[in-house]
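Below is one structure; the comments refer to it alone.
The values are calculated or read from the model by the stated rules, or taken from the named source; none is laboratory data. Remember, it's a predicted structure, so these values are computed and weren't measured experimentally. Here the Cβ positions follow ideal geometry from the backbone for every residue, glycine too, while neighbour counts run over all protein chains shown. Heavy atoms of the whole protein, side chains included, go into the accessibility calculation; ligands, DNA and RNA do not. Shrake-Rupley method; radii C 1.70, N 1.55, O 1.52, S 1.80 Å.
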Amino acid sequence: EHNPKHRLALFELGLIHEKSKDFVAAIDYYTKSLRIKNDSEIYFNLGVCYLKKGDLKLAYRNLTKSLLLNPNKYQIYNNIGLIHERNENFREAIKMLEIGTKLNPNNAIGFYNLGIVYEKTKDRKKAIESFEKAISCNYKNKSILKQKVIELKKAEENSTSYNYSFDM
């Protein structure tokens, strides 16, 4: 109230609303804060809010702006990879998620998301590898993920591949 152009206060209000899942109010405060100064963190949080609202286009736009200002933040790559995965652009999703996991080798969420993409592209071996890395990085739902790895390994063992060759 004392200073409606206090950038940090606006950002903090955005955080409070984002944590309470009031994404409309969070977006409003983040946008007001950005009008005062461009900031990678604010663009990142805006992108996450839009992602949670399901607006992939605005999420991508804001996350890309965040990436331009801070190319070393692995969480940006995780979220852009997630957007590509949801748009079924798996090749780009893999690229983004691999960058995120290279920037932070303990990136459990990045490895988990990478496993999801590999599973969707029917690459069980890489999915298993990625899920196992997520587990070793203490992914939050480790027990469920361990079961998923067991199932994928069984499916991989039971899959039969045929190679045909002809001599001419």
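Please report the net charge: other residues with Cβ closer than 9 Å to the Cβ of Gly47, K and R +1, D and E -1. Intermediate values should be presented prior to the final figure.
Numbers: positive: Arg61, Lys65; negative: none.
Taking every Cβ under 9 Å from that of Gly47, the sum is +2.
Give the shape of segment 8-77 as rounded, prolate or oblate, defined through the alpha-carbon gyration tensor: a ≥ b ≥ c are the square roots of its eigenvalues, a/c under 1.5 means rounded, and otherwise the shape is prolate if a/b is larger than b/c and oblate if not. Walk me through the numbers on the way to the answer.
Values: a/c = 1.77, a/b = 1.20, b/c = 1.47.
Oblate, since a/c reaches 1.5 and b/c is not below a/b.
To the nearest 20 debye, what is the magnitude of the charge dipole of the chain about its Cα centre, counting +1 on the Cβ of each Lys and Arg and -1 on the Cβ of each Asp and Glu? It would help to have the intermediate numbers written out before the result.
Numbers: 29 positive and 20 negative charges, 55 e Å.
Computed about the Cα centre, the dipole is about 260 debye.
Take every pair of alpha-carbon atoms less than 8 Å apart whose residues are at least six positions apart; their mean separation over the length of segment 1-56 yields a relative contact order of 33 percent. Whenever you get a sec, compute what percent of the accessible area on the chain sits on carbon and sulfur atoms (1.4 Å probe). C and S fraction of accessible area: 50 percent.
Holding the Cα-Cα limit at 24 Å, pick out from Lys53/Lys102; Lys73/Lys120; Lys120/Lys142; Lys19/Lys73 the pairs that are longer than that.
Numbers: Lys53/Lys102 28 Å; Lys73/Lys120 26 Å; Lys120/Lys142 20 Å; Lys19/Lys73 21 Å.
Violating the 24 Å Cα-Cα cut-off are Lys53/Lys102; Lys73/Lys120.
Which of the peptides 111-121, 135-145 is most tightly packed, and how do the rest follow, judged by the mean count of other Cβ atoms within 10 Å per residue? Walk me through the intermediate numbers first.
Working: 111-121: 22.4, 135-145: 13.8.
In decreasing order of mean packing, 111-121, 135-145 become 111-121, 135-145.
A simple spin-label model places the labels of Asn141 and Glu12 3.5 nm from each other, with each point 7 Å out along Cα-to-Cβ. Converting phi to 3J(HN,Hα) with the Karplus coefficients 6.51, -1.76 and 1.60 and the offset θ = phi - 60°, segment 78-85 yields 4, 6, 5, x, 4, 4, 4, 4 Hz in sequence order, with x at every glycine or proline.
Taking 0.36 nm per intervening residue step and subtracting the Cα-Cα distance, what contour gain separates Val24 from Lys53 on full extension?
Numbers: separation 29, 0.36 × 29 = 10.44 nm, distance 0.88 nm.
Here the answer is 9.6 nm.
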